[in-house]
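Contents: one structure, followed by commentary.
The values are calculated or read from the model by the stated rules, or taken from the named source; none is laboratory data. Because the structure is predicted, anything quoted here is derived from the model rather than measured. Don't worry about glycine lacking a Cβ; one is built from the backbone with ideal geometry, like all the others, and counts go over all protein chains shown. Just the protein is used for accessible areas: all its heavy atoms, side chains included, with ligands, DNA and RNA removed. Shrake-Rupley method; radii C 1.70, N 1.55, O 1.52, S 1.80 Å.
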Amino acid sequence: MSDVSVVKAALKSQVIETPSWGYGNSGTRFKVFAQPGVPRDPFEKMEDAAQVHAFTGVAPKVSLHIPWDKVADYATLTRHAEGLGLRIGAINSNVFQDDDYRLGSVTHPDAAVRRKATGHLLECVDVMDETGSPDLKLWFSDGTNYPGQDDIATRQDRLSEALAEVYERLGDDQRMLLEYKLFEPAFYATDVPDWGTAYAHCLKLGPKAQVVVDTGHHAPGTNIEFIVAILLREGRLGAFDFNSRFYADDDLMVGAADPFQLFRIMHEVVRNGGLKPETNVNFMLDQCHNIEAKIPAVIRSVANVQEATAKALLVDGDALGAAQRSGDVLAANAVLMDAYNTDVRPLLAEVREEQGLARDPFAAYLASGNQERIAAARVGGTQAGWGA
């Protein structure tokens, strides 16, 4: 069993980044469901994110999505965030919603469309400069739906060319985080479908390019913790997009579908040094809260990551190593299962209490009256959302 004081210290220093779009309206592929009190602009999104941080103590960073979070003056937005005890995290690009991108963005057959898409990515680096963001996160919906629609290798050349131009624009303390997705909306050949493709491009670009592991972007049965371990070993795990899936890219609350998988992932993170500051892994949420209230759902998600992390920290590394070296399969598995089956909620309640926080952040938020206040105050205007 790990030293509880060491476990507590690690939990207190944990940082989880929440997504601005998680506070807005989102929905299924067919409908966006509006809710009372949803933010109407990025400034109100920051106020909601500040609530999550105030009740959890571990969520001081907020990802922005451009153009969903586009403002006239990013310095003003940054000061607003800082005044709430927050800072700007990753800047997420959007090259998937314009009509021009029907056949792709940076891999489109038309050079003019590719130029437009690359120009947007460069604009996002400008936003990084203005907000102090260290990370540019890239996800491409690019791909093809039918055999013969376009040349697979040529599309990789176009992608490589665009990534190289953006990489050269990055500052010394800025990173490019490349996300992958198995399918959707491209169904025959997605241009960045897996971690191997993302990793290959990052290797070619250089050390400032790293891979994002979205926990919902894999085929059923994929061993995500293996991917995490390999990327950590190679120094190329830049970030997580934590969410949960039953079928495809469901974007449900992290840990909702398979909490044991989340524990296994966090075990590899802990075992391979992923919690150390020098590793610089960004633990981000990427979720769409369609039928549940936004702020409580993000709080629950943060708590789920904390619980998985606490269990991973409780793994008896000495006992595990001894069992592995001796080839004792059952003993090795039992070490992991003992940690996973530990109820860490009392431990986390103690950690929060020691930080001056409520023992149960979810219940404390609901009792605060904030949900009712924002529902009454945010009347009129256009609610934020991704517009589907």
message: So if I restrict to the alpha-carbon atoms in the range 82-198, what is the Rg, and what is Dmax, the biggest pairwise distance, in Å?
response: 14.8, 53
message: Taking the solvent-accessible surface of protein heavy atoms with a 1.4 Å probe, what is the per residue accessible area of the range 308-388 in Å²?
response: 54
- request: Quick one: accessible surface of Lys116, probe radius 1.4 Å, all protein chains present, in square angstrom to the nearest 10.
  value: 80
message: Tell me which of Gln97, Gly356, Ala50 sits at the most positive position along the dipole axis of the chain, charges placed on C-beta atoms (Lys, Arg +1; Asp, Glu -1).
response: Gly356
message: Using amide H atoms built in the peptide plane, which far-off residues or other-chain residues are under 5 Å from Ala209 H to H?
response: Met176
query: If you build a Gaussian network model of the chain, linking Cα atoms that sit under 10 Å apart, which residue out of Tyr180, Tyr340, Tyr146 swings the most?
result: Tyr146
- prompt: What percentage of the solvent-accessible surface of the chain, computed with a 1.4 Å probe over protein heavy atoms, is contributed by carbon and sulfur atoms?
  reply: 54
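I need the per residue convex hull volume for the range 269-388, using only the alpha carbons, in cubic angstrom as a whole number. Intermediate values should be presented prior to the final figure.
Numbers: hull volume 21.5 nm³, N = 120.
Hull volume over Cα atoms, normalised by residue count, gives 179 Å³.
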query: Mean separation of Cα pairs under 8 Å and 6+ residues apart, divided by the residue count of the range 317-383: what relative contact order is that in percent?
result: 15
message: Suppose we look only past 31 Å in the calculated P(r) of the chain. What percent of the Cα-Cα pairs does that tail hold?
response: 37
query: Based on Cβ point charges of +1 for Lys and Arg and -1 for Asp and Glu, what charge dipole magnitude is obtained for the chain about its Cα centre, in debye rounded to the nearest 20?
result: 380
query: With all protein chains present and a 1.4 Å probe, how do Leu348, Leu252 order by accessible area, largest first?
result: Leu252, Leu348
- prompt: When each pair of different Cα atoms in the range 1-52 is counted once in the 1/r mean, what is the Kirkwood radius in angstroms, to one decimal?
  reply: 13.8
query: Can you list residues whose amide H is under 5 Å from Gly143's amide H, if they're 5+ apart or on another chain and H is modeled 1.01 Å from N?
result: Asp191
- request: Would you be so kind as to identify which of Met128, Ala117, Ala189 lies farthest towards the positive end of the dipole of the range 106-191, taking Lys and Arg as +1 and Asp and Glu as -1 on Cβ and the Cα centre as origin?
  value: Ala189
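Explain nothing, just the number: dipole magnitude of the range 322-388 about its Cα centre with +1 on each Lys and Arg Cβ and -1 on each Asp and Glu Cβ, in debye rounded to the nearest 20.
Magnitude of the dipole: close to 340 debye.
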- prompt: Do any chymotrypsin sites (Phe, Trp or Tyr not before Pro) in the range 213-255 lie in a DSSP loop with no more than 12 other beta carbon atoms within 10 Å, and if so, which?
  reply: Phe246, Tyr247
message: Placing unit charges on C-beta atoms (Lys and Arg positive, Asp and Glu negative, everything else neutral), compute the dipole magnitude of the range 103-252 about its Cα centre in debye, rounded to 20.
response: 300
query: If packing is taken as the mean number of other Cβ atoms within 10 Å per residue, what is the order of 167-173, 5-11, highest first?
result: 5-11, 167-173
statement: the range 176-220: spread of alpha-carbon positions along the three principal axes, whole Å, largest first, is 30, 20, 14
task: Would you look at the GNM of the chain, springs on alpha carbons closer than 10 Å, and say which of Ile299, Ile16, Ile374 moves the most?
output: Ile374
query: Taking every pair of alpha-carbon atoms in the range 143-219, what share in percent sits in each 5 Å bin, from 0 to the bin with the longest distance?
result: 3, 16, 24, 24, 18, 11, 4, 1, 0
- line: Expressed in angstrom and rounded, the centroid-to-centroid distance over alpha carbons for the range 318-388 and the range 166-183 is 29
task: Compare Met337, Met253, Met46 in a GNM of the chain, Cα atoms joined below 10 Å, and give the one with the largest fluctuation.
output: Met337
- request: Sort all Cα-Cα distances of the range 166-312 into consecutive 10 angstrom bins from zero, then give the percent of pairs in each bin up to the one containing the longest distance.
  value: 11, 41, 35, 12, 0
- prompt: Given q = 0.16 Å⁻¹, what are the Debye log10 I(q)/I(0) values for the range 1-150, with equal point scatterers placed on the Cα positions and solvent ignored?
  reply: -0.95
task: At 1.4 Å probe size, with every protein chain present, just tell me what the per residue accessible area of the range 1-159 comes to in Å².
output: 40
